[in-house]
Amino acid sequence: MFNLILFGPPGSGKGTQSEKLIAKYGLKHLSTGDILRSEIANHTPLGVEAKKIMDKGHLVPDEVVIGMISSALDSNPNTNGFLFDGFPRTPAQAEALDKLLELKKTSIAAMLALNVSEEELVNRLMKRGETSGRSDDTNESVIRARIIEYRNKTAVVADYYNKFDKLIAIKGEGTIEEIFSALCKEIDTKL
Ligand code: B4P
């Protein structure tokens with residue numbers, strides 16, 4: 001199995017680039033944000049609790065997202081590999097992911113980290129909020145809270161993968177195609 005993490009702050013292009021990467025490399029896309037939004041849309045008890053947290057721009061508790069990823073891994077035994085999008089977002093999630101992959105006798109090949117300035121992040125998310133219907137994209141103070149949460153709890157996850165020499169930084173500003181080719185160039189060296 002060939003497993004990648006697409007990493008970066010909210011609005012850095014993870015969801016956008018994931019769609020293109022899974023099509024090119026035949027990986028299974030696992031986005032914790034998408035799984036949570038599907039729980040919300042289905043009004044499950046998990047979704048009702050998650051919505052309250054996401055609407056404040058905060059992170060959902062580790063045990064909830066780790067449980068979601070564990071079941072998603074079990075449900076896809078025959079995949080070529082996984083593309084993790086928006087996960088792991090804390091060091092505890094990163095450690096749990098390593099253990100889950102070890103049980104499946106596989107590991108992370110690389111973490112691709114998209115770097116984007118804070119003003120560009122806010123602009124992109126406000127723009128998406130005009131059409132997406134996502135309640136966490138329409139209010140600038142919630143968007144800023146998500147960026148602060150990223151700085152305080154998530155940015156450090158890059159150091160975790162850097163220790164294992166798996167971190168690859170990518171410029172996340174430019175056209176979607178330019179960023180996609182920069183990502184592919186790096187991924188191709190790992191195949
Ligand atoms: P996510 O769903 O992961 O969403 P996100 O961080 O907002 O970024 P996303 O990937 O969707 O956006 P993209 O950058 O592609 O998280 C949402 C919430 O769920 C979190 O705040 C948290 O509460 C919760 N959550 C999720 N995972 C969790 C976890 N593991 N632990 C705890 N809580 C968790 O795109 C943004 C916009 O930019 C788009 O409109 C796109 O069109 C545009 N764009 C993309 N590339 C561009 C480019 N090159 N130029 C211009 N615009 C571009």
*Can you name the residue in region 156-181 that is closer than 20 Å to P88 by Cβ and either exposed (fewer than 14 other Cβ atoms within 10 Å of the Cβ) or polar (S, T, N, Q) (or both) and, of all such residues, is nearest to the ligand (Cβ to nearest atom)?*
V156
*asked:* Tell me whether region 1-19 contains one or more residues that are crowded, with 21+ Cβ neighbours inside 10 Å, away from the ligand (no atom under 12 Å from the Cβ) and modelled with pLDDT of 95 or more.
replied: yes
*Has region 55-62 got any residue that is without any contact (Cβ under 8 Å) to a residue 40 or more places away in the chain, of a type in the set (D, E, K, R), near the ligand (Cβ under 8 Å from one of its atoms) and surrounded by 12 or more Cβ atoms within 10 Å (Cβ to Cβ)?*
yes
*For N123, all conditions in the list (1) buried (at least 17 other Cβ atoms within 10 Å of the Cβ); (2) within 28 Å of K185 (Cα to Cα) hold save one; what is the number of the exception?*
(1)
*Out of the residues in region 64-115 that are more than 14 Å from the chain's Cα centre (by Cα), over 15 Å from Y25 (Cβ atoms) and aliphatic (A, V, I, L, M), which is nearest to the ligand (Cβ to nearest atom)?*
V64
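The values are calculated or read from the model by the stated rules, or taken from the named source; none is laboratory data. Owing to the predicted nature of the structure, the values given are computational and were not obtained by experimental measurement. Cβ atoms come from the backbone with ideal geometry, glycine included; neighbour counts cover every protein chain shown.
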